[in-house]
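Have a look at the structure below, then the notes.
Read-outs throughout are calculated quantities, based only on the coordinates presented, and are distinct from any laboratory measurement. Here the structure is a predicted model, which is why all the values come from computation and not from measurement. Every residue, glycine among them, receives a Cβ derived from its backbone with ideal geometry; neighbour counts consider all protein chains shown.
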Amino acid sequence: MNSFTALDAVLLIPALAAGVLALIPGYRVSAAVNVLASLATLLASASLFLVRPADGLYLRVDDLSVVFIVLSAFVGFTTSVFSASYIAHEVEIGRLTPTRLRFYHAMYQVLMFAMNLALISGNIGLMWVAIELATLTTVLMVAIYRSHEALEAAWKYFILGSVGIALALFGTILVYVAARPVVGEGMAGMVWTTLVAKAGAFDPALLNLAFVFLMLGYGTKVGLVPLHAWLPDAHAEGPTPISAVLSGLLLNVALYAVLRFKMLLAANPRAVAPGPLMITMGLVSVIFAGFMLYRRRDIKRMFAYSSIEHMGIIVFAFGMGGPLANFAGLLHMTMHSLTKSAIFFSVGHIAQVKGSQKIADIRGLTVTHPVLGWTLVAGVFAISGLPPFGIFTSEFLVVSSTFARQPLLALPLVFGLIVALGALLMKVQGLAFGEPSPGSAPAKASYLPMFGHLALVLAAGVFFPPLITVWFQHVARLLG
Amino acid sequence: MSGLQFDIAHLLAGGLVLISLLMLYQDRLTALINVFAAQAITLSLSVAWQAFIQHAPHLYITAAIALVFKAMVIPIALHQIIKRLGVHREIDQVVGVGPTMLAGVGLVALSLAVMLRVTEASDRLGREDLAFALSVVLLGLLMMVTRRNAVGLVIGFMSLENGLVLAATGAKGMPLVVEISVAFSVLIAFIVIGIFLFRIRERFETVDVTALDRFRGERQ
């Protein structure tokens, strides 16, 4: 009980690193420390596959959370590598002062800490506190450039995000109220394992009401339409590493919370099925975001809308439920995190060499910056669901499993996917080909993170390791 | 639970809802801040009373936070801010008083209808508290929708949060209430006292949120 476990490590490493990074003045050193700390967190979280610490009142890890936490730690690590080269450029052009940089690195680790805490908390109250901390951290990160746009984005994100977590807290309280007559007063009424084990006896009406609040609350953080308004601004105006972390990780953490509560409702046969609500919000998000993609003029904003679309697909898949759709949802979530962060890595460097995020200012990338340009093309191909990338596999699974059970639901989904595909391919043509726009200075980019991510996505599309398949199938069955 | 204990708890919780309705039609920021302070005092009394009748001493901490932080520090800071920004005489209301009040009354009725129906199994005080708490939350949301001014928006959010604290303390024996109220206070402190209002004033020359919309990245 008192021995030090990997669970403590994934919390302590980022927390300590945040403290250390707040003190280090030089950005080269702090970027290196940031990378090292993220790597250590990754190793610690990977060890959770092998050694599973015992459940506590506050912390616990099961097969579902391991998937999320390893993915989170992995993208957190690669983003820290990307961040090192990105930040160097921002310091050179004077967009970030040393003080803000120190703040940035410390906040990066605080964010990692908060997300890890949310993922391994075995307690709905603690999970809420962790997600609140993650929101607060990202608000501060989005505002770091202090420009008009950044402040507006951060303000909007703060207001909508706070309302979201406030509603989620109300839902959390309702879950406790529903649990109290069965479980008894005190901490037991907030512990996952107890809640799920005894959910069958809870008052179904209260659980239903609680889920509506939780879905609205955490759904705001997932970025589901119509609660998405903060997401494009926050992605566009913050530093690009934060856009990558937001899209690749923070949305997943909120999704994880939704999934947990879905499992809770599924354990009570008299409660309403959460599926239809999730399916509806998912479909609306896919179709809305698909159309919004056509009108984007800002490259980061465009990929933020693409994130809304993909979160819609994932929520749709989990809403369908069943082993196959859940498997597809998990796979899609993994693939989306990897691909979207790879895209943001390349977009970050592209915006730096071109000195602009406007789509109109970026043309002919494959001519001036072949590596960046082709990486972006590959990333966009992957994210729009074209073979041979992994997203094709997962989207295919989502669609085919839907066709098998609810053919009518598959039609709007496929429609949304095609709309989004058209928009992305249209936009990437202008970005990557044609007469190059000014700004041909060579990029001092770190290509390793984006290549690594895209290689993984490609590998998953061509050959999916059976070990991971078995693991995902197992988790998909857990999700019910 | 004796009748008197219930009555006092009920009175205080109902008082929170009434003050929320009062806040809806305050069109001057100074008055709005004062009414918010009154709500925070009521909240702290309500929480302290819950701590007393539930024999839950940790709730006194939450009551103290409400009293010191929300009823004193925040209102004083907000008064300073609006004075410095020169908006303390400004009238701030997007929708008229009549429709807002009607909507507010409707929301209270809605939350009573919903909450009392789904909590039939719970104890009397718990369900009333939840129904009142939901009313305060919804009224807070309504206030956020009808205010244009950043200060009004923040006060709307804080009154929403008062409703959450009421719900959390009304749920008997709920753990982590203190931690949650601290987490919320940190959130509010960061925003109110700290960066945002000053920066927004500094950068945008106004705390009117509609002015922010001019800088939408989508428009050229």
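Is there a residue being over 16 Å from B:Leu12 (Cα atoms) and within 11 Å of chain A (Cβ to nearest Cβ) anywhere in segment B:103-113? Yes, the conditions are met somewhere in segment B:103-113. Restricting to segment A:7-29, count the residues that are outside any helix (DSSP H, G or I) and buried (at least 18 other Cβ atoms within 10 Å of the Cβ). Here the count works out to 1.
Taking B:Ser111 as the residue in question, decide whether it is free of Cβ contacts under 8 Å to residues at least 60 places away in the same chain, part of a helix (DSSP H, G or I) and among the polar types (S, T, N, Q). So B:Ser111 fits the description; yes.
Would you confirm whether any residue within segment A:30-52 is buried (at least 16 other Cβ atoms within 10 Å of the Cβ) and of a type in the set (Lys, Arg)? Among the residues of segment A:30-52, at least one is buried (at least 16 other Cβ atoms within 10 Å of the Cβ) and of a type in the set (Lys, Arg), which makes the answer yes. Does A:Ala153 satisfy being hydrophobic (A, V, I, L, M, F, W, C) and under 18 Å from B:Leu153 (Cβ atoms)? Spelling it out, A:Ala153 is indeed hydrophobic (A, V, I, L, M, F, W, C) and under 18 Å from B:Leu153 (Cβ atoms). Within segment B:36-94, being surrounded by 19 or more Cβ atoms within 10 Å (Cβ to Cβ), without any contact (Cβ under 8 Å) to a residue 60 or more places away in the chain and β-branched (Val, Ile, Thr) holds for one residue alone: B:Thr42. A:Tyr447 meets the conditions (1) farther than 29 Å from A:Phe77 by Cα; (2) over 21 Å from the mean Cα position of the chain (by Cα) in every case but one. The failed one is (1). With the requirement that a residue be more than 10 Å from chain B (Cβ to nearest Cβ) and surrounded by fewer than 24 Cβ atoms within 10 Å (Cβ to Cβ), what does segment A:142-159 give you? Of everything in segment A:142-159, those that are more than 10 Å from chain B (Cβ to nearest Cβ) and surrounded by fewer than 24 Cβ atoms within 10 Å (Cβ to Cβ) turn out to be A:Ile144, A:Tyr145.
Closer than 18 Å to B:Ile19 by Cα, surrounded by fewer than 16 Cβ atoms within 10 Å (Cβ to Cβ) and among the β-branched types (Val, Ile, Thr): which single residue out of B:Val154, B:Val137, B:Val97 fits that description? First the steps, then the outcome.
Numbers: B:Val154 fails: surrounded by fewer than 16 Cβ atoms within 10 Å (Cβ to Cβ); B:Val137 fails: surrounded by fewer than 16 Cβ atoms within 10 Å (Cβ to Cβ).
Result of the check over B:Val154, B:Val137, B:Val97: B:Val97.
Checking each residue in segment A:195-210 for being in a helix (DSSP H, G or I), more than 29 Å from the chain's Cα centre (by Cα) and within 12 Å of another protein chain (Cβ to nearest Cβ) picks out A:Ala201, A:Pro204, A:Ala205, A:Leu206. Checking the stated criteria, A:Leu169 turns out not to satisfy the condition of being facing chain B (nearest Cβ under 8 Å) and without any contact (Cβ under 8 Å) to a residue 24 or more places away in the chain. Of the residues A:Thr137, A:Thr172, the single one that is out of contact with any Phe, Trp or Tyr (no Cβ under 8 Å at 6 or more places or on another chain) and β-branched (Val, Ile, Thr) is A:Thr137.
Considered as a group, the residues in segment A:211-264 that are outside any loop (DSSP other than H, G, I, E, B), closer than 18 Å to A:Ile279 by Cα and of a type in the set (Gly, Ala, Ser) include one that is nearest to the other protein chains (Cβ to nearest Cβ), and that residue is A:Gly217.
The set of residues in segment A:318-341 that are within 16 Å of A:Gly461 (Cα to Cα) and either surrounded by fewer than 24 Cβ atoms within 10 Å (Cβ to Cβ) or in contact with a Phe, Trp or Tyr (Cβ under 9 Å, 6 or more places away or on another chain) (or both) comprises A:Phe327, A:Ala328, A:Gly329, A:Leu330, A:Leu331, A:Met333, A:Thr334, A:Met335, A:Ser337, A:Leu338, A:Thr339, A:Lys340.
Kindly indicate which of A:Arg180, A:Arg102, A:Arg146 is among the basic types (Lys, Arg) and touching a residue at least 24 places away in the same chain (Cβ under 8 Å). Steps first, answer last, please.
Values: A:Arg180 fails: touching a residue at least 24 places away in the same chain (Cβ under 8 Å); A:Arg146 fails: touching a residue at least 24 places away in the same chain (Cβ under 8 Å).
The match here is A:Arg102.
Taking the numbered list (1) within 12 Å of another protein chain (Cβ to nearest Cβ); (2) out of contact with any Ser or Thr (no Cβ under 8 Å at 6 or more places or on another chain); (3) not aliphatic (A, V, I, L, M) in turn, A:Thr135 passes all entries but (2).
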